[in-house]
Structures are given as C-alpha cells and as structure tokens.
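A short worksheet on the structure shown next.
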Amino acid sequence: MNTVLITGAARGIGLELVKQFLESGSQVFATYRGNTPPASLTDLLSTNRLSLRPLEVTDQNSIEALAVLLEGISIDIVINNAGIIGPKDQSYNKMDVKGWIEAFEINTVAPLMLTNALLPNLAMSDRPRVITITSQMGALNRESKGMLAYRSSKAAANKVMQVLALELKEQNVTVCPVHPGWVKTDMGGENAEISVEESAQGIVTLANNITIADTGKFLTWEGKEHPW
Ligand SMILES: NC(=O)c1ccc[n+]([C@@H]2O[C@H](COP(=O)([O-])OP(=O)(O)OC[C@H]3O[C@@H](n4cnc5c(N)ncnc54)[C@H](OP(=O)(O)O)[C@@H]3O)[C@@H](O)[C@H]2O)c1
C-alpha cells in the first residue's frame, strides 16, 4: 500500500487523484488552502486512510508547518499538482507581470520547495517517487502562441524536475514531470479532451508503475514519453 501526498486537492485533477488513490487502497494526505478543509474533501473522510492538511504552496512557513506535521511518516509518492493558469493578460504585448511572477511561484518554485521539505519522508520509503503535474504547454518542441506566463512557468517546471531527477538519483528518488492531458476542470474548461477521471486514472497507474529507471522522463498521463 502506498502513502501519497497530493497538493491542490480541493478540486479538479487533485481531488480526483485523492478519490482514485483511496479506491486503490492507498493512504492519502490531501492538501488544501485556507483555514478549513473544503466539503469536497471532508465528504471523503469516511475512510481512515485520508488525512487533510493545510498548505499554501507559495508560503515557506506553510511548507515547513506541513513538514513538521508529517515528521516521521514515510511517503512513497508526492504529487505536486497545485497550479494556476496565470493572469488574464499574458501576451507578449500585454503582460501582467505580477501575475506572471505568481504563476512562477506556484507552478515552478513551489514544487521544488515542497519536494525538498519532504525529502526526509521520501527517504523512509522503499520506492520514493515525485510527480509534478506540468503541461505540454511548456514543451519547447511545440510551437504555439500566447499564454506566455503559463507556458514559461511550466517549461521551467519541466527543467527544474529534470535537474532534480539527476540530483536525487543517488538517493533512489524517481522524479517525473507529467502532462495530465487537456482535462475538463475549472482550468481546462468544458471543451477539454478528456475527463478528470481518465486523467487521474492514467496518473495513478503511472505513479504506481514508475521506477528509478524512469527518473527524469517527461511523461504523459497515458504513461508515454513526451518530447521536451
Ligand atoms: N486542466 C487541464 O487541462 C490541465 C492541462 C495541463 C496541466 N494542468 C495542470 O494540472 C494541475 C491541476 O490542474 P486542474 O485543471 O485540476 O486545476 P484547477 O481545477 O484550477 O485546480 C487547481 C488546484 O490548485 C490549487 N492551488 C492553486 N494555487 C495554489 C496555491 N498557491 N497553494 C495551494 N494550492 C493551490 C487550487 O486550490 P483552490 O481550490 O484553493 O483554488 C486547486 O485545488 C495544475 O498544475 C495545472 O497546471 C491542467
């Protein structure tokens, strides 16, 4: 049985990951932001395998407080899922710079800071894995216009995870950035290609299957390699 920590679990892909990992028998730590856990998560508390923890991923004090709460607990899988699409204005000639920086704080910086804070927990696992939900919108091989803040923050997140994979290989920690598909969530919108259930199912399967031989690969929700 895996112990899994999922950030940004109040809705969207994160919430569905919580549900599916619980169904597969895992112990789940789900994080939410704000003072009280949302009903979407408290509704799932009938199982004693779910624990809810507050986390604002951009706040180092919040990350450290989470690490203290989890001290001594082995974690097999950390899923850096929390993310934002970025500001309304994010084109080359109309850029909300504050919003761009916020996108970097949440999408790029936070996954590294959280993973680093939870390394003692990962070190207690036989097969520690870190999955960061990035996006094919950050892939350098794809030529598409617009959405500069989001694309650049996810491209940078891919790079951070590629470097982290190399850094943590000796410690046997598998690190993979993952494109979750274009998913029907608040972020993906209703015209997206796949349901949240399909995306989460793919991510759960790949999270269960990846080994240190996969570390540093950029994967899709279907478990295929995505070009950088
Ligand atoms: N949907 C897609 O098509 C798609 C495609 C490619 C990649 N992705 C990536 O997949 C991940 C999940 O996306 P989604 O579609 O499920 O998005 P979503 O429905 O908008 O949910 C995002 C989640 O992230 C949390 N979050 C945002 N900022 C946070 C912060 N500062 N601290 C803590 N939690 C924070 C939100 O918390 P609140 O509920 O408190 O706001 C929410 O739970 C994101 O990283 C996104 O970039 C999504």
Next item on the list: Give the share of C-alpha pairs in each 10 angstrom bin for the chain, from 0 to the last occupied bin, in whole percents, shortest bins first.
Entry: 8, 35, 40, 15, 2, 0
Next item on the list: Per residue of the stretch 136-151, in order, report the coupling 6.51 cos²θ - 1.76 cosθ + 1.60 (Karplus, θ = phi - 60°) as ³J(HN,Hα) in whole Hz, putting x for Gly and Pro.
Entry: 5, 5, x, 6, 6, 6, 9, 9, 9, 8, x, 6, 4, 5, 5, 4
Notebook entry, point to check: Once the other residues with Cβ under 12 Å from the Cβ of Val109 are scored (Lys, Arg +1; Asp, Glu -1), what is the net sum?
Noted result: -3
Check: For the pair Asn35 and Thr58, how long in nm is the line joining their label points, each one 7 Å along Cα→Cβ?
Finding: 2.1
Check: Nearest 10 degrees, 0 to 90: what angle lies between the long axis of helix 60-69 and the longest principal axis of the chain (Cα atoms)?
Finding: 20
Next item on the list: Would you mind getting the Kirkwood hydrodynamic radius of the stretch 112-228 from its Cα pairs, rounded to one decimal in Å?
Entry: 14.7
Notebook entry, point to check: Roughly what % antiparallel, to the nearest 5, for the DSSP beta bridges in the chain?
Noted result: 10
Note to self: Between Lys159 and Asn191, what is 0.36 nm times their sequence separation minus the Cα-Cα distance? Round to one decimal in nm.
What the structure shows: 8.6 nm
Note to self: Can you pull out the chymotrypsin sites (Phe, Trp or Tyr not before Pro) in the stretch 90-130 whose DSSP state is coil and whose Cβ has at most 15 other Cβ atoms within 10 Å?
What the structure shows: Tyr92
Item checked: Candidates Asn61, Asn208, Asn107, ranked by Gaussian network fluctuation over the chain, Cα under 10 Å, top entry -> Asn61
Check: Which of Leu69, Leu114, Leu52 moves the most in a Gaussian network model of the chain with Cα springs under 10 Å?
Finding: Leu69
Note to self: Let me spell out the model: positive unit charges on the Cβ of Lys and Arg, negative unit charges on the Cβ of Asp and Glu, origin at the Cα centre of the stretch 100-228. What dipole size does that give, in debye rounded to 20?
What the structure shows: 300
Next item on the list: Over the chain, calculate the relative contact order: mean separation of alpha carbon pairs under 8 Å at least 6 apart, over the residue count, as a percent.
Entry: 18
Check: Per the Cauchy relation, a quarter of the hull surface: what is the mean projected area of the convex hull of the alpha carbons in the stretch 1-119, in nm²?
Finding: 7.8
Notebook entry, point to check: Under 5 Å between amide H atoms, partner at least 5 residues away or on a different chain: which partners does His226 have, H built in plane at 1.01 Å?
Noted result: Phe218, Leu219, Thr220
Margin query: Among 153-166, 26-39, how do they line up by average Cβ neighbours within 10 Å per residue, starting with the highest?
Written below: 153-166, 26-39
Note to self: Only sites in a loop by DSSP and with at most 10 other Cβ atoms within 10 Å count here; which GluC sites (Glu not before Pro) in the stretch 26-130 make the cut?
What the structure shows: Glu71
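The numbers here are math on the coordinates, done by the rules we state, and not lab data. Bear in mind that the values here come from a model prediction, so they are computed numbers and not experimental data. Counting neighbours? That spans all protein chains shown, and the Cβs are built from the backbone with ideal geometry, glycine included.
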